[in-house]
1. What residue, among those in segment 192-225 that are at pLDDT below 80 and acidic (Asp, Glu), is most open to solvent (accessible area, probe 1.4 Å)?
2. Would you say residue 266 is among the acidic types (Asp, Glu), open to solvent by 30 Å² or more (accessible area, probe 1.4 Å), more than 14 Å from residue 308 (Cβ to Cβ) and at pLDDT 90 or above?
3. Suppose we filter 499, 443, 461 for residues that are modelled with pLDDT under 80 and either surrounded by 18 or more Cβ atoms within 10 Å (Cβ to Cβ) or within 28 Å of residue 380 (Cα to Cα) (or both); which single one remains?
4. Hey, could you check segment 232-249 for residues that are open to solvent by 10 Å² or more (accessible area, probe 1.4 Å) and not in a loop (DSSP other than H, G, I, E, B) and say which is nearest to residue 177 (Cα to Cα)?
5. Residue under question is residue 394, and the condition is that it be at pLDDT 95 or above and either under 25 Å from the mean Cα position of the chain (by Cα) or surrounded by fewer than 17 Cβ atoms within 10 Å (Cβ to Cβ) (or both); does it hold?
6. So which helices (runs of 4 or more DSSP H) are wholly in segment 49-166 and hold at least 3 residues that are more than 26 Å from residue 205 (Cβ to Cβ) and either open to solvent by 20 Å² or more (accessible area, probe 1.4 Å) or modelled with pLDDT of 80 or more (or both)?
7. When both residues are 6+ apart or on different chains and their Cβ atoms are under 6 Å apart, which pairs have a first residue that lies in segment 538-563 and is at pLDDT 80 or above, and a second that is open to solvent by 80 Å² or more (accessible area, probe 1.4 Å)?
8. Can you confirm whether segment 483-495 contains a residue that is crowded, with 19+ Cβ neighbours inside 10 Å, farther than 24 Å from residue 398 by Cα and touching a Phe, Trp or Tyr at 6+ places or on another chain (Cβ under 9 Å)?
Amino acid sequence: MHLPVSQELHHMQGEVNVNDDHSPSTCAHGVPKCLLISEIMEKILGHAHDFEEGLPTLAAMAASCKTFCDPAMDVLWREVADVVPIMQCLPADAWQVTATPRAPLLNDRYLDKMLSLTAGRTLSAKEWERADINALRVKRISFQVIYRLSPRIRWTVSPTVFEAIRRHIGSSDQSCLFPNAKKLEVSYAPQENNGVVWTDVPYLVGGRLTELSIYRSIFQPSAVAVNDTLGTIFSRCRSLTRVLLEFEDAQLWSLESVMVFVGLLERSPQIQFLRTNVDLNYQPEAGRMVPPEPLLLPCIETLIFGQPSFSGASKFLTMVASRNLDTAMMFCSDTEALEREVRLYFQCLARFSSLTYIVVTTSLSPPHDDLSVYRDIPPTLIVTSQTISPLFCLRGLTHIELQITRIVDLTDDFISRLAQAWPSLRRLDFTSAIPHVIQPLLTFKGLLALSEYSTNLRNLTINFHPTLPSKMAVQRAKELRRRHGVEAHPLREISCYFTSPPSDDDPEALADFITDLFPNLEGFAPVSQMGPPSETLDVAEAGWERLQQAVYMRIPKDTSDSD
């Protein structure tokens, strides 16, 4: 039997007898005692914060009674957009808001305003007290458009504001304005001469900052600017473990700028997550490609390259000293990379035996109507199974996505080797845009090895040449299903790219084979990669649609309806 929350609270505090059915459920000032339990209060305030009108609701709760005041104020000030809200805690005559000219490309969804300090107004330590108290509550600072207000406001801040912050920090015992901030995020570029003075960031955040995210270009890509901005943050924030830097002008970074950035990483051994679109190709092209002694990022667990070259990513990886690298992702437009450059990148990844998650995505476009675009690709640009095989030494790999435009030469034997090399694999995604020119060699027979060896696989996306397997393979599939019984293979989704109709126009036999291998299948999605519309395409699509229907007819209703 469970007691009411109020009686449980009394029981824990020893205030009343738990058998007293007439125990009061409220404390002296009329607040239900259940709200004195911090976990319940946090849940209520968290839901209030998530509503569209969350900020006014939290403000009203903070003003309602002393019990709500501090918890509601902590949630209300947990995240601020810009320094504007804190500066508006100063006396009303110390600051002013003016409208700023609207940029020609902005629409009426945004209302542009500028915050500045009153000319000639000096601020005493007493006048800063309210702002300082609320600044202590801030855990996240986001320089962004305030989306919750209507109309939406886009703030710019006068340099006079940062001058006042500098004076205040310099004349007090505080190390920065937001000493408890753990995350600093910039998702829009402040207007020139009116935006954030980035050399003043140390006056905003301190040693507790753990995450820095910059999504826009906020300073010039010169070596001096990189050192004055990022260098100041990195040296001051020694607890920084997550860094996300994606600049609009990353391609303009000079070799000197990149070397300064790499030097900052070398002096920041605590970093565990790094995502950047700066091409960290810091070694001169004329230099020897000899891996130096690893120096960088000994604690890195997640490394994400935004838009680098394969050669630049490879050179950077030779410097990474981590033994804990778990995730390596690469999103690039380097569609003209030579096969040997891609292979070298995979060889560099193979150094990290701890890797479980690999993603490589080039600028993958839909199949081109002009087939000559793909027929004329030089052999040196074609990614083959030999390109991928260096990764076979990563026995703990669970997730691999290679969405490379020029991937070919996948065979049943290769998939068999792959399945045995990666027994823990949960997701396999090999996507190519040219199989309608170069016929895939992989058939449904390759599924047999995945069923037998990759017993944790949940999602499969791959290009097939749909031929009916041999009678021996079909019999083997039925044996596997009988052997595993209720512990059948856990594969749930197959995305199958096709280039021709299913063989022999026998969807029932193919569907039997697929569902014998994967009885828990919930989704089977064939996708055409046969080029422009044609009579052949219509025939193929009709055949694959029949196969898809046959597969779904074999999926148990309770399985297909499950989440």
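1. 192
2. Numbers: among the acidic types (Asp, Glu): yes; open to solvent by 30 Å² or more (accessible area, probe 1.4 Å): yes; more than 14 Å from residue 308 (Cβ to Cβ): yes; at pLDDT 90 or above: yes.
So residue 266 passes the test.
3. Working: 443 fails: modelled with pLDDT under 80; 461 fails: modelled with pLDDT under 80.
Being modelled with pLDDT under 80 and either surrounded by 18 or more Cβ atoms within 10 Å (Cβ to Cβ) or within 28 Å of residue 380 (Cα to Cα) (or both) holds for just one of 499, 443, 461, which is 499.
4. Per the stated criteria, the residue is 236.
5. Details: at pLDDT 95 or above: yes; either under 25 Å from the mean Cα position of the chain (by Cα) or surrounded by fewer than 17 Cβ atoms within 10 Å (Cβ to Cβ) (or both): yes.
Against the criterion (at pLDDT 95 or above and either under 25 Å from the mean Cα position of the chain (by Cα) or surrounded by fewer than 17 Cβ atoms within 10 Å (Cβ to Cβ) (or both)), residue 394 qualifies.
6. Details: elements: 54-64, 66-76, 84-87, 125-135.
Of the helices (runs of 4 or more DSSP H) lying wholly inside segment 49-166, those with at least 3 residues that are more than 26 Å from residue 205 (Cβ to Cβ) and either open to solvent by 20 Å² or more (accessible area, probe 1.4 Å) or modelled with pLDDT of 80 or more (or both) span 54-64, 66-76.
7. Note: pairs meeting the criteria are 550/508.
8. no
The values are calculated or read from the model by the stated rules, or taken from the named source; none is laboratory data. Note that this is a predicted model, so its numbers are computed, not measured. Methodologically, a virtual Cβ is constructed for each residue, glycine included, from the backbone with ideal geometry; neighbour enumeration extends over all protein chains shown. Just the protein is used for accessible areas: all its heavy atoms, side chains included, with ligands, DNA and RNA removed. Shrake-Rupley method; radii C 1.70, N 1.55, O 1.52, S 1.80 Å.
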